[in-house]
Amino acid sequence: MVTIKLPRKVVFVLAAIVVLVLSSIVLAAWSTSGSGNGYAKAGTASALTLNDASASTTADLYPGANGSVKLSVTNPNSFPVRITAVSKQAAGSITSDKGAACNASTGVTFTNQSGLALDLAAGATSTFTLANAVSMTNASDNTCQGAVFTIPVDVTGASNAP
């Protein structure tokens, strides 16, 4: 049996050569790349739906005062929405559940609301209160006592995705 003693420097040099050979084998693997197009498609927004919120109204409206308006809004979209404005429909008339005498002279007016930040989750329905958005003048007919007023409005909103 013959024992060969190698100096330490030789062992390190041989180890370095082995590492270089192995790394060159790894680097010798083929690489490739490509170019082309990727695709994405935007969804389509659906209109918000306003629901009957008359059952949740509070009797805080009387001649010479301001009151709150309740809105129940459904967001059918797959993304959250922030409602930023509520305005009375130009062609719509404010009516009551008390009939013709009250409807002829409700004395009720709606103040358009802007700068709102009413958040509505995707697929959700929420009820919002617009404080002091409606007022009643002293011209209101006596039959309007206890009336629930229907105010045709439009809501404006935009996607509120994070």
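Taking only protein heavy atoms and a 1.4 Å probe, the accessible area of the chain is 57% carbon and sulfur. For the stretch 145-159 versus the stretch 114-132, the spacing of their alpha-carbon centroids is 12 Å.
Once C-alpha pairs closer than 8 Å and six or more residues apart are averaged by separation and normalised to the residue number of the chain, the relative contact order reads 29 percent. Springs join every pair of Cα atoms under 10 Å in this Gaussian network model of the chain, and among Val81, Val69, Val11 the largest mean-square fluctuation is at Val11. For the chain, the solvent-accessible area of protein heavy atoms averages 69 Å² per residue (probe radius 1.4 Å; ligands and nucleic acids excluded).
Taking the longest Cα principal axis of the chain as reference, the axis of helix 8-27 is set at about 50 degrees. Residue separation of Ala100 and Asn112 scaled by 0.36 nm, minus their Cα-Cα distance, works out to 1.8 nm of gained length.
For the stretch 106-157, the relative contact order comes to 53 percent (Cα pairs under 8 Å, sequence separation of at least 6).
Taking the charge dipole of the chain about its Cα centre, with +1 at Lys and Arg Cβ atoms and -1 at Asp and Glu Cβ atoms, the residue from Leu61, Thr95, Ala45 reaching farthest to the positive side is Ala45. A simple spin-label model places the labels of Thr58 and Thr150 2.5 nm from each other, with each point 7 Å out along Cα-to-Cβ.
The values are calculated or read from the model by the stated rules, or taken from the named source; none is laboratory data. This is a predicted model, so every value here is computed, not measured. Using ideal geometry, Cβ is built from the backbone for each residue, glycine included, and neighbour counts are taken over all protein chains shown. Quick note on the areas: whole protein, heavy atoms, side chains included, nothing else; ligands and nucleic acids left out. Shrake-Rupley method; radii C 1.70, N 1.55, O 1.52, S 1.80 Å.
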